[in-house]
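The values are calculated or read from the model by the stated rules, or taken from the named source; none is laboratory data. Since we're looking at a predicted model, the values are computed, not measured. Here Cβ is always computed from backbone atoms with ideal geometry, including for glycine, and neighbour counts include all displayed protein chains. These area figures cover heavy atoms from the full protein model, side chains too; ligands, DNA and RNA do not enter into them. Shrake-Rupley method; radii C 1.70, N 1.55, O 1.52, S 1.80 Å.
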Amino acid sequence: MEFDDQMRRFFGTDDLGAVSPEAMASGIERMRVEFGLETDKGRRFAMWSLLYMLGSAPDLDVAFKDERDRDAARTFMDLLDQANAADRG
């Protein structure tokens, strides 16, 4: 699942700046519901990643039963934190 595809699917646009607070909350809620129902590991990880960037991801132990998936999520979090730190510094 491509990032832009997720944005259009859940928020109706690929420009988060154009999303109203109400549409953002609604899109996040739909994404969380779909995340809970999704069985494909790749799609789950993609949805979790976007939810994480939006500050709405479920905890790792809830989101991923497999330790390798949790490790991959931790790596993603670390990389995102490093990228954000570089942008600030």
Is it true that residue 56 is assigned to a loop (DSSP other than H, G, I, E, B), small (Gly, Ala, Ser) and open to solvent by less than 70 Å² (accessible area, probe 1.4 Å)?
yes
Of all residues making up the range 22-39, the number that are exposed (fewer than 11 other Cβ atoms within 10 Å of the Cβ), under 21 Å from residue 58 (Cβ atoms) and not aliphatic (A, V, I, L, M)
1
Residue 51, sole failed condition from (1) loosely packed, with under 13 Cβ neighbours inside 10 Å; (2) within 14 Å of the chain's Cα centre (by Cα); (3) hydrophobic (A, V, I, L, M, F, W, C):
(1)
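Working carefully through the options 75, 39, find the one that is of a type in the set (Ser, Thr, Tyr) and part of a helix (DSSP H, G or I).
Details: 39 fails: part of a helix (DSSP H, G or I).
Only one candidate passes the filter, namely 75.
Of all residues in the range 11-36, how many are in a helix (DSSP H, G or I) and among the hydroxyl-bearing types (Ser, Thr, Tyr)? Don't jump to the end; show me each part of the working.
Keep residues of the range 11-36 that are in a helix (DSSP H, G or I), which gives 11, 16-18, 21-36.
This time we only want the ones that are among the hydroxyl-bearing types (Ser, Thr, Tyr), so: 26.
Number satisfying all stated conditions: 1.
Tally up the residues in the range 1-21 that are of a type in the set (S, T, N, Q) and either exposed (fewer than 13 other Cβ atoms within 10 Å of the Cβ) or touching a helix residue (DSSP H, G or I) at 6+ places or on another chain (Cβ under 6 Å) (or both), please. Lay out the reasoning, then the answer.
First, pick out the residues of the range 1-21 that are of a type in the set (S, T, N, Q): 6, 13, 20.
So of that shortlist, the ones also either exposed (fewer than 13 other Cβ atoms within 10 Å of the Cβ) or touching a helix residue (DSSP H, G or I) at 6+ places or on another chain (Cβ under 6 Å) (or both) come out as 6, 20.
Looking only at that region, the number is 2.
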